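K.L.:
This is the structure, below, for whatever I ask next.
The values are calculated or read from the model by the stated rules, or taken from the named source; none is laboratory data. Keep in mind that what you see is a predicted model, and the values were worked out from it rather than measured. Because the Cβ atoms are built from the backbone with ideal geometry, glycine has one as well, and the counts that use them run over all protein chains shown. The protein model used for the area step is the full one, side chains on, heavy atoms only, and it has no ligands, DNA or RNA in it. Shrake-Rupley method; radii C 1.70, N 1.55, O 1.52, S 1.80 Å.
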Amino acid sequence: MEQLAEGQIRDGAPALPGAEIAAHLATLPGWELAADGRAISREWRFKSFKRAAQLANLAAWQAEAANHHPDIAFGWGFARVTFSTHSAGGVTMNDLIMAARLNRVAG
């Protein structure tokens, strides 16, 4: 996971085949591939709204710094982050890198 987190976000990254996504997801605890294979997501559970908001903000700031933005949903007791590269029509290495970076800081 650490090596993946150090990867560089690249414009124009292509969508990856399912087998490659699955291999990387095996190193990213908590992340799952969407049923349609076009996104990855993870949900965290908390005992407060404050902690959920903190995770959502952390994901947002990391995304802004990398210029690669996920969909973020949060509420009392949960935060969910979903990465997909819309321009590529699926999951790219950029999405996996961002998931690894978020795991590194959020656990």
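K.L.:
Of all the residues that make up the stretch 59-89, how many are within 16 Å of TRP31 (Cβ to Cβ) and of a type outside the set (Lys, Arg)?
P.N.:
15
K.L.:
Continuing with the same structure: Only residues that are open to solvent by less than 40 Å² (accessible area, probe 1.4 Å) and without any contact (Cβ under 8 Å) to a residue 60 or more places away in the chain: list them for the stretch 29-45, please.
P.N.:
Residues satisfying the conditions are ALA34, GLY37, ALA39, ILE40, SER41.
K.L.:
With ALA56, ALA22, ALA26, ALA65 as the choices, which residue is hydrophobic (A, V, I, L, M, F, W, C) and either buried (at least 16 other Cβ atoms within 10 Å of the Cβ) or closer than 13 Å to VAL105 by Cα (or both)?
P.N.:
Values: ALA22 fails: either buried (at least 16 other Cβ atoms within 10 Å of the Cβ) or closer than 13 Å to VAL105 by Cα (or both); ALA26 fails: either buried (at least 16 other Cβ atoms within 10 Å of the Cβ) or closer than 13 Å to VAL105 by Cα (or both); ALA65 fails: either buried (at least 16 other Cβ atoms within 10 Å of the Cβ) or closer than 13 Å to VAL105 by Cα (or both).
Of ALA56, ALA22, ALA26, ALA65, the one residue that is hydrophobic (A, V, I, L, M, F, W, C) and either buried (at least 16 other Cβ atoms within 10 Å of the Cβ) or closer than 13 Å to VAL105 by Cα (or both) is ALA56.
K.L.:
Still on this structure: I'd like the full set of residues that are under 18 Å from SER87 (Cα atoms) and either among the hydrophobic types (A, V, I, L, M, F, W, C) or open to solvent by 50 Å² or more (accessible area, probe 1.4 Å) (or both), limited to the stretch 1-19.
P.N.:
Step one: filter the stretch 1-19 for residues under 18 Å from SER87 (Cα atoms), giving 8-18.
If the condition is that a residue be under 18 Å from SER87 (Cα atoms) and either among the hydrophobic types (A, V, I, L, M, F, W, C) or open to solvent by 50 Å² or more (accessible area, probe 1.4 Å) (or both), then GLN8, ILE9, ARG10, ASP11, GLY12, ALA13, PRO14, ALA15, LEU16, PRO17 are the ones that fit.
K.L.:
Any residue in the stretch 64-77 that's of a type in the set (Phe, Trp, Tyr): show its pairings with residues that are open to solvent by less than 20 Å² (accessible area, probe 1.4 Å) at Cβ separation under 6 Å, as long as the two are six or more apart or on different chains.
P.N.:
PHE74/ALA52; PHE74/ALA56
K.L.:
Checking the structure you have, find out if any residue of the stretch 87-97 is at pLDDT below 95, hydroxyl-bearing (Ser, Thr, Tyr) and surrounded by fewer than 16 Cβ atoms within 10 Å (Cβ to Cβ).
P.N.:
Yes, the conditions are met somewhere in the stretch 87-97.
K.L.:
List the strands (runs of 3 or more DSSP E) inside the stretch 31-83, counting only whole elements, that have at least 3 residues being more than 29 Å from GLY12 (Cβ to Cβ).
P.N.:
On the way: elements: 40-45, 71-75, 78-83.
Per the criteria, 40-45.
K.L.:
Turning to a different aspect of this structure: Return yes or no: is ILE97 touching a residue at least 40 places away in the same chain (Cβ under 8 Å) and under 25 Å from ALA22 (Cβ atoms)?
P.N.:
Numbers: touching a residue at least 40 places away in the same chain (Cβ under 8 Å): yes; under 25 Å from ALA22 (Cβ atoms): yes.
Considered against the rule, which asks whether it is touching a residue at least 40 places away in the same chain (Cβ under 8 Å) and under 25 Å from ALA22 (Cβ atoms), ILE97 comes out as yes.
K.L.:
Of the residues ALA73, ALA88, which single one is closer than 22 Å to ALA5 by Cβ and of a type in the set (A, V, I, L, M, F, W, C)? Don't jump to the end; show me each part of the working.
P.N.:
Numbers: ALA73 fails: closer than 22 Å to ALA5 by Cβ.
Just a single option satisfies the conditions, and that option is ALA88.
K.L.:
Just wondering, is there one or more residues in the stretch 87-97 that are among the β-branched types (Val, Ile, Thr), in a helix (DSSP H, G or I) and under 20 Å from ASP11 (Cβ atoms)? Let's see the steps before the verdict.
P.N.:
Here is the first cut: in the stretch 87-97, the residues among the β-branched types (Val, Ile, Thr) are 91-92, 97.
When the remaining residues are screened for being in a helix (DSSP H, G or I), the result is 97.
Of the ones still in play, those that are also under 20 Å from ASP11 (Cβ atoms) are 97.
Checked against the condition, which is being among the β-branched types (Val, Ile, Thr), in a helix (DSSP H, G or I) and under 20 Å from ASP11 (Cβ atoms), the stretch 87-97 yields at least one hit.
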